[in-house]
Amino acid sequence: MEIVFTYRGRAIQPADVAFIRALIAARPKASRRRLSIELCRAWGWVQPNGAVCDAVCRGLLLALHRGGHIELPAAKYDSMAAWRRREPATVTIDSTPIDSSLVELGPVALRQVRRTDEEALVNALIAQHHYLGYRQPVGEHLKYVVAAQGRPIGCFLWSSAPRYLAPRDTFIGWSPAERKRNIRFVAYQTRFLILPWVRVPHLASHLLARMADRLSGDWQQVYAHPIYFTETFVDPERNRGTCYRAANWTALGLTQGRGKADQTHQQNRSLKLLFGYPLVRDFRRRLCAVA
């Protein structure tokens, strides 16, 4: 079987390329986004909530275009897309130091802010205060603001999980087919921030435990399916992942340093230590289900 290349687990064959060429030819005035949506519908590329996988499909079309396999129409300027890609605006909040015990801190609120007015606040705080900065997630994702004493003290950002992670896949024990079917039940913590002027012992592990209690329900509400397993990366050159260990996360092993969309099979970034935490006792049974 001849394969042009593999994209996000799908083997792209000459017949697929011919289908896309015919789709483009039949719609000479269609934008790249419209072609992507049409291809998603034709191939059944939809999320569990019924939304088309537009961003993923556009990535495929662009890869085929750059490889000379198809000819896409000229990109049209999208003012809304340009607005969405802007760096988050700088925000000024109360930065009076908080140096107390967890009990003295008082009630801590954890608010899911995806698609709310507070989403921009989370973006800005991560951009300003997280050492990795802010990057807009692609695919399913949720954002949280942590507040205490009437002001923000931290943030979480969760997204769809990377497709291939050898330490995680070995730990779960699923087959490639099971992983492809059930990867949507795994969430990846891309950012966890406690603002630098907040110094409260055990706050980080406390928040991780709070997240474990509510993440799956929030995901179900927004994306119509639960989460069974969570994961995150820790840079071992910066820290040991102490808060994750304290919250009973398991160190699964080092990544191979190849990134989320690797096509070269060569290390292109530093190695990270992968931590995992199951949200249900029978996570292996659920994640290894085939029907």
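Structure data summary
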item	result
MRE, 222 nm, helices only [DSSP H, n ≥ 4, -39500 (n - 2.57), over the chain, to nearest 500]	-10500 deg cm²/dmol
Reciprocal of mean inverse Cα separation for the stretch 5-82 (Kirkwood radius, Å)	13.0 Å
Centroid-to-centroid separation of the stretch 1-65 and the stretch 123-161 [C-alpha atoms, Å]	31 Å
Within the chain, longest stretch clear of exposed trypsin sites (Lys or Arg not before Pro) (DSSP loop, no more than 10 other Cβ within 10 Å)	116-237
Amide H within-cut-off set for TYR7, under 5 Å, with H built and near neighbours excluded	ILE12
Pair-distance profile P(r), taking every C-alpha pair of the stretch 1-157, with 5 angstrom steps and integer %	1, 7, 13, 16, 13, 11, 10, 8, 7, 5, 4, 3, 1, 0
Considering only the stretch 105-245, percent of DSSP beta bridges that pair antiparallel, nearest 5	85 percent
J(HN,Hα) series, the stretch 59-69, from Karplus relation 6.51 cos²θ - 1.76 cosθ + 1.60, nearest Hz, glycine and proline x	x, 4, 4, 5, 5, 5, 5, 5, x, x, 7
Cβ-based charge dipole, the chain, positive-most Cα from ILE37, LEU72, SER270	LEU72
Residue with peak Gaussian network fluctuation, the chain [Cα springs, cutoff 10 Å], from PRO152, PRO73, PRO162	PRO73
Two-site label geometry, ARG238 and HIS225: point separation in nm, points 7 Å out along Cα→Cβ	3.0 nm
Convex hull volume of the chain per residue (C-alpha atoms, cubic angstrom)	150 Å³
Tail beyond 16 Å, pair distance distribution of the stretch 1-45 (Cα, percent)	41 percent
Amide hydrogen neighbours beyond the local backbone of ARG191, cut-off 5 Å, H modeled	LEU157
Neighbour-count ranking [beta-carbon atoms within 10 angstrom, fewest first] of CYS155, CYS53	CYS53, CYS155
Contour minus Cα-Cα distance for TRP197 and GLU87 (0.36 nm per residue)	37.3 nm
The stretch 145-291 shape via C-alpha gyration tensor axes, a/c threshold 1.5	oblate
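No lab work stands behind these numbers, since they all come straight from the coordinates. In this text, all values refer to a predicted model and were calculated from it rather than measured experimentally. Using ideal geometry, Cβ is built from the backbone for each residue, glycine included, and neighbour counts are taken over all protein chains shown.
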